[in-house]
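The values are calculated or read from the model by the stated rules, or taken from the named source; none is laboratory data. Bear in mind that the values here come from a model prediction, so they are computed numbers and not experimental data. For neighbour counting, all protein chains shown are included, and Cβ atoms are generated from backbone atoms with ideal geometry for every residue, glycine included.
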Amino acid sequence: MKPRPAPIATSLGRSPTVALLDEAQRQKARGVQVFNLSGGEPDFPTPAHIVRPAVEALEAGFTHYTPSRGLPELRDAIAAKLLAENGITADPETDIVVTPSAKHGMFIALAGVIAPGDEVLVPSPAWVSYAPMITLLGGRPVDVPLDPSDQFTITEEQLTAAVTPRTRAILVNSPNNPTGRMLSPAEADAVTRVARAYDLSILADEIYEHIRYGGRSHVSLAAWPGGTGRTITVNGFSKSHAMTGWRLGYVAGPAAVMREVVKVQEHTVGCAASFVQRGALAAFTDESQVAVREMVASYDGRRRYVVDALNKMSGIACADPEGAFYVLPDISRLGFGSARECGAWLLEHAGVLVTPGSAFGPTVGQHVRLSFAASPETLATAIERLGTALAGRELTQAAAAVSPAAR
């Protein structure tokens with residue numbers, strides 16, 4: 001009997017963001033110049049003081065298994081960080097699991113709290129992989145669409161209206177991908193009130209925690225009144241420390257849940273890479289804090305440049321993100337049938353790759369996501385090409401509107 005694909009796998013679509021990255025590579029292989037603003041990839045190299053101990057670990061033969069929960073010294077460092085920066089008390093022996101990527105961390109955290117048929121509330125716009133992860137575990141993602149005209153604010157009323165007897169968790173991402181919005185105290189109250197009222201778990205994705213602007217404060221739901229004891233926090237090193245290829249993250253939560261989460265780790269990947277964990281220890285040093293601040297300062301400059309440039313283009317309205325490194329401009333006045341149509345046109349006429357908003361939820365089908373984590377040079381050229389292409393399109397449309405043939 002020939003192998004047959006599993007229905008649960010065939011029901012999934014590809015990751016839209018990964019598919020776009022593949023498309024960019026295909027175009028480049030054909031000799032087409034593509035300016036890729038679709039991905040969430042910092043353009044900085046990993047800081048050298050993090051690379052060195054990982055290389056030294058490799059050279060010293062530190063290449064074998066570690067405990068499934070992660071190196072004890074790394075868990076100690078994570079626990080200290082969570083307490084000092086987030087107000088979260090986590091026992092490194094029982095409450096923390098180091099994972100090969102924050103993405104895997106989210107998957108095994110979900111596996112620890114939901115069963116087949118359970119529902120997870122996912123306020124959207126939301127990262128493209130949350131719903132497929134829930135589906136792969138036999139759960140049901142429940143989209144809670146947020147209103148762009150209300151700055152994508154999470155309200156207690158919206159969450160409550162989506163709760164059913166099968167609801168088991170709420171998944172919240174702050175700073176948010178793709179909107180750049182950060183959770184406010186009022187929203188934290190809304191999430192925790194609903195979680196308490198219906199005895200729900202909270203999954204808090206904080207991967208962009210350190211990338212925020214204007215002196216804004218980060219809210220950790222695990223330390224918020226009503227969130228303590230029911231929140232599983234997922235974080236990692238990819239975005240803040242430019243360590244995307246290292247694939248390292250961590251999960252922190254109540255011991256009773258983490259006891260189950262680590263079983264999933266044991267039976268899937270076993271443990272995170274040993275030498276990678278050794279390098280990550282350097283991510284908690286003062287030197288690392290300086291490096292992160294420098295990267296964020298650079299992102300801040302790029303953010304201001306991109307927002308200002310986009311808002312000067314006719315037909316585009318771009319909100320100022322509070323965190324992460326994405327903008328999600330409204331392109332509804334450009335007259336495209338959809339964000340996908342707009343994205344295809346921009347790739348063909350400007351050579352710029354963006355992500356259609358429809359990949360992130362139903363309320364942003366007339367938005368596109370642009371990443372400003374690309375180099376300043378790439379950004380400047382891409383934005384110039386966008387502006388030129390769209391201005392040319394507008395002139396062509398105007399000429400067609402007044403031509404004799406159009407009357």
Is it the case, given these coordinates, that residue 290 is assigned to a helix (DSSP H, G or I), touching a Cys at 6+ places or on another chain (Cβ under 8 Å), within 26 Å of residue 215 (Cα to Cα) and of a type in the set (A, V, I, L, M)? no
Which residue out of 357, 323 is in contact with a Leu (Cβ under 9 Å, 6 or more places away or on another chain), surrounded by 19 or more Cβ atoms within 10 Å (Cβ to Cβ) and over 13 Å from residue 387 (Cα atoms)? 357
What do you reckon, is residue 193 surrounded by fewer than 24 Cβ atoms within 10 Å (Cβ to Cβ) and in a strand (DSSP E or B)? no
Scan the stretch 351-407 for residues that are touching a Cys at 6+ places or on another chain (Cβ under 8 Å) and of a type outside the set (Val, Ile, Thr) and jot them down. 356
Could you tell me which of the residues 51, 122 is of a type in the set (A, V, I, L, M), within 25 Å of the chain's Cα centre (by Cα) and not in a helix (DSSP H, G or I)? 122
Just the residues that are part of a helix (DSSP H, G or I), over 14 Å from residue 364 (Cα atoms) and without any contact (Cβ under 8 Å) to a residue 40 or more places away in the chain, please, taken from the stretch 131-184. 131, 133, 134, 156, 157, 158, 159, 160, 161
Index of the failed condition, residue 93 passing every other in (1) in a loop (DSSP other than H, G, I, E, B); (2) surrounded by fewer than 24 Cβ atoms within 10 Å (Cβ to Cβ); (3) in contact with a Gly (Cβ under 7 Å, 6 or more places away or on another chain): (3)
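Residue-by-condition table, conditions (1) in the same structural domain as residue 129 (by TED's automatic domain parsing); (2) more than 25 Å from residue 397 (Cα to Cα); (3) not in a helix (DSSP H, G or I):
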| position | (1), (2), (3) |
| --- | --- |
| 301 | no, yes, no |
| 315 | no, no, yes |
| 321 | no, yes, yes |
| 346 | no, no, no |
| 349 | no, no, no |
| 358 | no, yes, no |
In the stretch 255-271, how many are buried (at least 21 other Cβ atoms within 10 Å of the Cβ) and touching a Gly at 6+ places or on another chain (Cβ under 6 Å)? 1
Residue count, the stretch 21-42, condition β-branched (Val, Ile, Thr) and modelled with pLDDT of 75 or more, comes to 1
Residue that is nearest to residue 393 (Cα to Cα) [pool: residues in the stretch 326-344 that are surrounded by 15 or more Cβ atoms within 10 Å (Cβ to Cβ) and in contact (Cβ under 8 Å) with a residue 60 or more places away in the chain]: 330
Condition broken by residue 270, with the remaining ones in (1) outside any helix (DSSP H, G or I); (2) under 12 Å from residue 241 (Cβ atoms) satisfied: (2)
Could you say which residue among 48, 60, 54 is closer than 16 Å to residue 247 by Cα and of a type in the set (Gly, Ala, Ser)? 54
Any residue at all in the stretch 380-397 that is out of contact with any Leu (no Cβ under 8 Å at 6 or more places or on another chain) and not in a helix (DSSP H, G or I)? no
Among 54, 19, 48, 84, which is farther than 22 Å from residue 171 by Cα, out of contact with any Cys (no Cβ under 8 Å at 6 or more places or on another chain) and either of a type in the set (Phe, Trp, Tyr) or surrounded by 22 or more Cβ atoms within 10 Å (Cβ to Cβ) (or both)? 54
Residue 308 modelled with pLDDT of 95 or more, closer than 23 Å to residue 177 by Cα and either assigned to a helix (DSSP H, G or I) or of a type in the set (Ser, Thr, Tyr) (or both): yes
Residue check, residue 280 part of a loop (DSSP other than H, G, I, E, B) and either in contact with a strand residue (DSSP E or B) (Cβ under 8 Å, 6 or more places away or on another chain) or under 17 Å from residue 238 (Cα atoms) (or both): no
Is it true that some residue in the stretch 85-104 is in contact (Cβ under 8 Å) with a residue 24 or more places away in the chain, out of contact with any strand residue (DSSP E or B) (no Cβ under 7 Å at 6 or more places or on another chain) and of a type in the set (A, V, I, L, M, F, W, C)? no
